[in-house]
1. What is the helix-to-structure angle for 117-126, meaning the angle in degrees between its Cα long axis and the longest Cα principal axis of the chain, kept from 0 to 90 and rounded to the nearest 10?
2. Which angle between 0 and 90 degrees, to the nearest 10, do you get for helix 64-78 versus the longest principal axis of the chain when only C-alpha atoms count?
3. With a point put 7 Å past each Cα toward its Cβ, work out how far residue 239 is from residue 48 in nm, to one decimal.
4. Mind giving me the nanometre distance, one decimal, between the label points for residue 298 and residue 121, set 7 Å out from Cα along Cα→Cβ?
5. Using the Kirkwood radius over Cα pairs, work out the Stokes-Einstein diffusion coefficient for segment 264-304 at 4 °C and 1.567 mPa s, in µm²/s as a whole number.
6. When the Kirkwood radius is taken over all Cα pairs of segment 94-180, what Stokes-Einstein diffusion coefficient follows at 25 °C and 0.890 mPa s, in µm²/s?
7. Once R0 is set to 41 Å, what does the formula 1/(1 + (r/R0)^6) return for the Cβ-Cβ distance between residue 134 and residue 95, expressed as a FRET efficiency to the nearest 0.05?
8. Let's test the formula: R0 of 45 Å, r as the Cβ-Cβ distance of residue 278 and residue 334. What FRET efficiency results, to the nearest 0.05?
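What follows is calculated from the coordinates using simple rules that are stated; it is not laboratory data. Owing to the predicted nature of the structure, the values given are computational and were not obtained by experimental measurement. So basically every Cβ, Gly included, is an ideal-geometry build from the backbone, and we count neighbours across all protein chains shown.
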Amino acid sequence: MRLVTYLPPDAPQDGTSFDLDAHGRAAGLLQVFGEEVLVDLERAGRVVGRTLPRRLLDLVAAGPAAWDTARSVLDQATEGDLPSGYGSDEHTLPAELVRLLAPIPTPPMVRDFYAYEDHVRRGFAKRGADIPPEWFELPAFYKQNHRAIRGPEEELPWPAFTDELDYELEIAMVVGVGGRDIPESRAGEHVFGYTIMNDVSARDLQRTEMAVRLGPAKSKDFATVLGPVLVTADELDPLDLHPVARIDGEVVTDSRTSDMRWTFEQMLAYVSIDEDVFPGDVFGSGTVANGCGLEHGRMLRPGEVLELEVPGIGILRNRVGVPRPKVDLPRPRDGLA
């Protein structure tokens, strides 16, 4: 299934005066006569006498039986067994009429990993170092701000604490079935699906944070972009994808995911040791090879249009915002013994 979260045409579209997570609705995305059509899952379920949640996060958390029901509803829509039109039944409409949000606008948790060896090697080479042997011992990650999620077509914010704004092209996995102490051999059963992730980075602040050997934190927590579509795991192999990034139409990243040294199953197994993972948790893969401006020497500029494309998922498009006026960062107290 190809699933999205959307705002219906009668909802406020600016996103400034209401809770996106509360107003967003779950829908399946279909191709009908060359046109993308949304099937609102809750409303379509009512048409055929089935019960489905309104939010995509709730559908994920409802488990495999609910997923099968959603798949059945979408199959009926594909086969023409559901009435069409966004009228009295209000369950189908052209995708062009709505605003797509991040598939999971407020995940319970976002963890970002460091799984692509080529990206890791290039990053350490820029610091005059080799990959530390510890990288090969465990799937390292940090935790992101799960309340700073943005979606397709939203402006990328330019914070007041950076002069070096960068994108990072990643694949994100969404947990379907939660658990604890999940064995690697069974971890695939806990994966719901995959989407595109942009781990937006303030590189100058990140360098300062990492020099303290605690972070990254503020340099990442202002925005993470997910979307446009959440594709269920049965339709996608995360080790056989072709991620591409374009800035104003120019290709700046042309990569493959086949060099992913730490798999999502290994990440899940590691995180779940003596710790619960929950439905809707997002696991970022880490940046694909040559998947950021730091690697190819080009930071983002105000007004540019960034497109992250992964065939099988879609295109995550955002315009870079105008920098906020710089602010002075806090300084430590003076005069202490």
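1. 30 degrees
2. 60 degrees
3. Those two pseudo-labels are separated by 3.4 nm.
4. 2.3 nm
5. Calculated translational D: 98 µm²/s.
6. Answer, rounded: 150 µm²/s.
7. On the way: r = 45 Å, r/R0 = 1.10.
Calculated value: 0.35.
8. So the FRET efficiency works out to roughly 0.50.
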